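Notes for the one structure printed next.
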Amino acid sequence: MAALNTLWTGLALLGMLAVLQIPTQAQAALQPNFQEDKFLGLWFTSGLASNSSWFLEKKKALSMCKSVVAPAADGGLNLTSTFLRKDQCETRTLLLRPAGPPGCYSYTSPHWSSNHEVSVVETDYEAYALLYTQSFRGPGQDFCMATLYSRTQAPKAEIKEKFATFAKAQGFTEDGIVFLPQTDKCMEENT
């Protein structure tokens, strides 16, 4: 009986080790010497990448949105995004809380009530920023997205190429990468 218990214990430990060795998507690096004050201001969401089923289903209906990053009273950042939804401008604000080294933040999704971690992976502060967002909701429900922020509604071709290369390096497929079409709606300064 003791030998049987030892065998089951050994098999259980091997199973746990196998689970621990399953490769996971690599954590994206952070922008070296991230300067939060330079990251503030107006950005346009110009590109997105994800392999999630809802994204692949809805990507053709998405359009560019405007986001403003501003300091929050508690030391985090307010990310206020205005976008077109059902032919109406909709605005949402997320509180990005510092979650580690500079450039790493977390927020709670108002739609899913899940925690997300967003990292500023690369930025020149003046033209573009590459962000990586991930959430762990449970087995088979993990969510990952790459985002291209640009300071203008028409990012240069080399910035789009940089984003596509970044997205593919994160494991996203060509089908999961979209450059959002410009829209005149919801882009004015007062919306």
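Below are the figures for this structure:
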{"quantity": "Those residues of region 98-127 which are part of a strand (DSSP E or B) and touching an Asp or Glu at 6+ places or on another chain (Cβ under 8 Å), in sequence order", "calculated": "104, 105, 106"}
{"quantity": "Answer from 62, 95 - the residue that is of a type outside the set (Phe, Trp, Tyr), open to solvent by less than 70 Å² (accessible area, probe 1.4 Å) and touching a residue at least 24 places away in the same chain (Cβ under 8 Å)", "calculated": "62"}
{"quantity": "Test set (1) under 17 Å from residue 172 (Cβ atoms); (2) at pLDDT below 95 - residue 63 fails condition number", "calculated": "(1)"}
{"quantity": "Filter result for the condition that a residue is open to solvent by 40 Å² or more (accessible area, probe 1.4 Å), of a type in the set (Gly, Ala, Ser) and under 20 Å from residue 177 (Cα atoms), over 53, 119", "calculated": "53"}
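Quick grid of which residues meet (1) among the polar types (S, T, N, Q); (2) touching a Cys at 6+ places or on another chain (Cβ under 9 Å):
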site: 50; (1), (2): yes, yes
site: 53; (1), (2): yes, no
site: 56; (1), (2): no, no
site: 67; (1), (2): yes, no
site: 70; (1), (2): no, no
site: 77; (1), (2): no, no
site: 82; (1), (2): yes, yes
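The values are calculated or read from the model by the stated rules, or taken from the named source; none is laboratory data. The model shown is predicted, which means the values in this text are computed figures rather than measured ones. Because the Cβ atoms are built from the backbone with ideal geometry, glycine has one as well, and the counts that use them run over all protein chains shown. Just the protein is used for accessible areas: all its heavy atoms, side chains included, with ligands, DNA and RNA removed. Shrake-Rupley method; radii C 1.70, N 1.55, O 1.52, S 1.80 Å.
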